[in-house]
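One structure below.
Every number here is computed from the coordinates shown, using simple stated rules; none is lab data. Note that this is a predicted model, so its numbers are computed, not measured. No Cβ is skipped: glycine too gets one built from the backbone with ideal geometry, and neighbour counts run over all protein chains shown.
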Amino acid sequence: MAHELDLNRILNDALAAVRARTSLQPEVGLVLGSGLGGYADLLEEPVAIPYCELPGFPVSTVMGHRSRFVLGKRFGKWVIAMQGRFHNYEGYTQRQISLPIRLMKRLGVQKLLVTGAAGGIREDLASGALVAIADHINYSGDNPLVGENLEEFGPRFPDMSDAYSAALRKKLLGCARENGIDLREGVYIMFKGPSYETPAEIRMARAMGADVVGMSVVPEAITANHCGMQVLGVACVTNMAAGVLPQALDHAEVMATAERVAGEFTRVVDHVLSDVF
């Protein structure tokens, strides 16, 4: 487990490594989930920094995650994008998963868009639907803030009553309606993975009020709230959750669906950067 002093050392070393490559000061952070990392290739004047070049940083090991930061400009805003993220199920603690968000904060990021592939629990959220995350249920059994509080970033007990900014979400949903984008709204529940959920677990999640299910998003959102960032979340429904349809789940379907909806996903992120943030 990464201890508090280790985290500070890793962050200091990572910040120095980034600053050795670029003096850019991003104002917006993007976390791009499975199959969604192509958006980072749209950034102008890009500077790509592989995670493996940051001492002590985790690396992505899952198909569809390119395992690097990309810094660049889009719609006149300086952006830092995670082209690939880390997961609990890869063996990383949520404390470690918090590192990129804390590094973004030290670089100057104030607003974060976190995205991810998800399974549709609500039956009207079919494969390919895009969902603005209104709230989450942390069913992972962990929390990135466990351990000594890092006072530099935020309080011991951060408020989570507006974890996904209602004001920013309202603007995004309005932009979507005005531009003919079918963007729904829903609650995200996180399971630790890596096995997909059972039909019984999905029935439980539905009873708890969840609309989509995934294995990420929540640690980054909690960390960003602790850092005082404003957060938006968008989930891409890449498959129906277990038991909703009579078919097995597999990661190849996740990647294929993410590729299919890449154009619509790009439009949503463009509106976030140009009209919402």
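Can you list the lysines whose alpha carbon sits under 27 Å from that of residue 192, skipping same-chain ones fewer than 8 residues off?
Cα-Cα hits under 27 Å: 105, 111.
Give me the net charge of residue 131's neighbourhood, meaning all other residues with Cβ under 13 Å from the Cβ of residue 131; Lys, Arg count +1, Asp, Glu -1.
Numbers: positive: 122, 169, 184; negative: 124, 135, 182, 185, 211, 264.
Result for the neighbourhood of residue 131: -3.
Give me the extension gain from residue 260 to residue 152: residue separation times 0.36 nm, minus the current Cα-Cα distance, reported in nm with one decimal.
In short, 34.7 nm is gained.
How large is ³J(HN,Hα), in whole Hz, for each residue of the range 7-19 in order, when computed from phi with the Karplus curve 6.51 cos²θ - 1.76 cosθ + 1.60 and θ = phi - 60°, using x for Gly and Pro?
Residue by residue, the range 7-19 yields 4, 4, 5, 4, 5, 4, 5, 5, 4, 5, 5, 5, 5 Hz.
Along the range 210-227, what does the Karplus equation 6.51 cos²θ - 1.76 cosθ + 1.60 (θ = phi - 60°) give for ³J(HN,Hα), rounded to whole Hz, x for Gly and Pro?
Taking θ as phi minus 60°, the curve returns 7, 10, 9, 9, x, 10, 8, 6, 4, x, 5, 5, 5, 4, 4, 5, 4, 7 Hz for the range 210-227.
What's the extension gain from residue 166 to residue 195 if we count 0.36 nm per residue and subtract their Cα-Cα distance? Don't skip to the end; give the middle numbers.
Details: separation 29, 0.36 × 29 = 10.44 nm, distance 3.19 nm.
Contour length minus the Cα-Cα distance gives 7.3 nm.
Explain nothing, just compute: Karplus ³J(HN,Hα) = 6.51 cos²θ - 1.76 cosθ + 1.60, θ = phi - 60°, for every residue of the range 166-179 in order, whole Hz, x for Gly and Pro.
Residue by residue, the range 166-179 yields 5, 5, 5, 5, 4, 5, 5, 5, x, 4, 4, 4, 5, 10 Hz.
Would you calculate, for the chain, the mean residue ellipticity at 222 nm contributed by helices, counting each DSSP H stretch of 4 or more residues as -39,500 (n - 2.57) and dividing by all residues, to the nearest 500? Don't skip to the answer; put the middle values down first.
Working: 8 runs with 83 residues, N = 277.
The per-residue figure over the chain is -9000 deg cm²/dmol.
Quick check on the range 1-144: take the gyration tensor over C-alpha atoms, sort the square-rooted eigenvalues as a ≥ b ≥ c, and tell me if it's rounded (a/c under 1.5), prolate or oblate.
oblate
In whole Å, how far is the Cα centre of the range 170-219 from that of the range 128-160?
15 Å
Please report, in debye to the nearest 20, how large the charge dipole of the range 100-225 is about its Cα centre when each Lys and Arg carries +1 at its beta carbon and each Asp and Glu carries -1 there.
Magnitude of the dipole: close to 260 debye.
Looking at the range 4-276 only, what percent of DSSP beta bridges run antiparallel? Nearest 5 please.
35 percent
About the Cα centre of the chain, what is the dipole size in debye to 20, counting +1 per Lys and Arg Cβ and -1 per Asp and Glu Cβ, all else neutral?
Magnitude of the dipole: close to 420 debye.
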